[in-house]
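Trainee: Here it is: the structure, laid out below.
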Amino acid sequence: MTDLKSKTLPELTDFLKSMGQPAFRGKQVFTWLHRGVRSFEEMTNLPKALRDQLAETCVITAPTVARKQVSALDGTRKYLWELSDGNCIETVLMQYHHGNTVCISSQVGCRMGCAFCASTIAGKVRDLTPSEMLDQVLFTQLDSGLEISNIVLMGIGEPMDNLANVLRFLELVNHPDGLNIGMRHISLSTCGVIPGIRRLAELGLQLTLSVSLHAPDSETRSKIMPVNRAYDVEELFDACHDYFQKTGRRISFEYAMIDGVNDHDWQADLIAQKLRGMPGHVNLIPLNDVAESPFKPSRRIEAFQKRLESHHITATVRRSLGGDIDASCGQLRRKAMLEQAKKGE
């Protein structure tokens, strides 16, 4: 079955022309798909014969809500979506004064193995298709009734480990006949997959690159982030400098504050040294407790922030949202998996 929603408008037009349809049918179908229809019968300006033909050979992806939690503290919504194959992924909708931001997943599970993250505990199952990424934006918007203005690819999975599909998703969500969300309203996060960073630099997309740094020294980073053994932090900083030189875009560095591991003054000093000559923003993240992880939240966030600022580094502490609804990456999916496992015992 052909996944129409993963096709670009030119591809969709060519596909329908191959079925003997006029070119304008491509835009009609594209528009319907990007409105979040769940069946071809909803495409009322298409001839019934064409709708029947599409239903026989094509599929419209559409997840179902397996679980939804809404924070009583700040209105943050977390969705556990069930996909057509029974796998589940997470999406989080956060409300800010500047607009509504949706945090989407790029994979079912993750193989990067970061020691403090719930998303990676059960490993990677598979990549998400462009349509399954788009669906998270579409159906979160439809279910919540809130217009999405910003997207962050920081949910379950490593976007650079599924780069071809992610780039296709970006093209689709940016299209003026679709959701038309501009690249400057999109952030893409990576744990440091250097070939992906260099590929983005070549493309010159105007999105915001976020790098999950979490330690500026190779010894510490290798202990908590296995990716550092493949792409050392020194190479990562080099790639980031090259990215800035080619794109002129400031990079955001994500930094989960772990007690006694990466919150020392010398590590703040080292970050400042490595970022010299490149405008960067360090986003300090209060660590969320993960039951399977031995790591605890740092008690030195404010001191670490002041140390960075003493070096003229822009450093902010991420506002914690959805603390009462398992809003951190992978927590809700992990909880559902454990509950399912108990039922099977």
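Trainee: What is the spread of the Cα atoms of the range 2-59 along each of their three principal axes, largest first, in whole Å?
Mentor: Reported extents, whole Å, longest axis first: 22, 22, 19.
Trainee: Using packing as a proxy for protection, rank 116-123, 244-251 so that the peptide with the highest average count of other Cβ atoms within 10 Å comes first.
Mentor: The densest-packed peptide leads the list: 116-123, 244-251.
Trainee: Place the peptides 98-110, 271-283, 37-49 in order of packing, highest mean first, counting for every residue the other Cβ atoms within 10 Å and averaging per peptide.
Mentor: The packing order, highest mean first, is 98-110, 271-283, 37-49.
Trainee: SER187: net charge of surrounding residues, Cβ under 14 Å, Lys/Arg +1, Asp/Glu -1, itself excluded?
Mentor: After counting each charged neighbour, the total is +3.
Trainee: Taking the range 32-77, how much of its Cα-Cα pair set, in percent, is spaced more than 16 angstrom apart?
Mentor: 54 percent
Trainee: Now a separate question. Which whole-Hz couplings ³J(HN,Hα) result when phi for each residue of the range 166-174 is put into the Karplus expression 6.51 cos²θ - 1.76 cosθ + 1.60, θ = phi - 60°, listed in order with x for Gly and Pro?
Mentor: Rounded to whole hertz, the list is 5, 5, 5, 4, 4, 5, 5, 6, 8.
Trainee: Report the charge-dipole magnitude of the chain in Debye, nearest 20, computed about the Cα centre from +1 at each Lys and Arg Cβ and -1 at each Asp and Glu Cβ.
Mentor: That gives the chain a dipole magnitude of about 340 debye.
Trainee: Quick one: which of 1-9, 179-187 comes out on top by average Cβ neighbours within 10 Å, and what's the full order, highest first?
Mentor: Highest to lowest by the protection proxy: 1-9, 179-187.
Trainee: Right, next: May I ask which residue of PRO294, MET225, CYS110 lies farthest towards the positive end of the charge dipole of the chain, with charges of +1 (Lys, Arg) and -1 (Asp, Glu) on Cβ and the Cα centre as origin?
Mentor: CYS110
Trainee: Translational D (Stokes-Einstein, µm²/s) of the chain at 4 °C and 1.567 mPa s when Rh comes from the Kirkwood sum over C-alpha pairs?
Mentor: 61 µm²/s
Trainee: Here is a follow-up. Between SER119, HIS311, THR8, whose Cα lies farthest towards the positive end of the dipole of the chain when Lys and Arg beta carbons carry +1 and Asp and Glu beta carbons carry -1, centred on the Cα centre?
Mentor: Final value for the positive-end residue is THR8.
Trainee: I would also like to ask the following. On the Cα set of the range 138-245, report Rg and Dmax in Å, please.
Mentor: 15.4, 48
Trainee: Once you wrap a convex hull around the alpha carbon atoms of the range 66-173, what is its projected area averaged over all directions, in nm²?
Mentor: If you wrap the Cα atoms of the range 66-173 in a convex hull and average its projections, you get 7.1 nm².
Trainee: Something else about it: Once the Cα atoms of helix 331-344 and of the chain are each reduced to a long axis, what angle between those two axes, in degrees from 0 to 90 to the nearest 10, is obtained?
Mentor: 70 degrees
No lab work stands behind these numbers, since they all come straight from the coordinates. Computed from a predicted structure; not experimentally measured. So basically every Cβ, Gly included, is an ideal-geometry build from the backbone, and we count neighbours across all protein chains shown.
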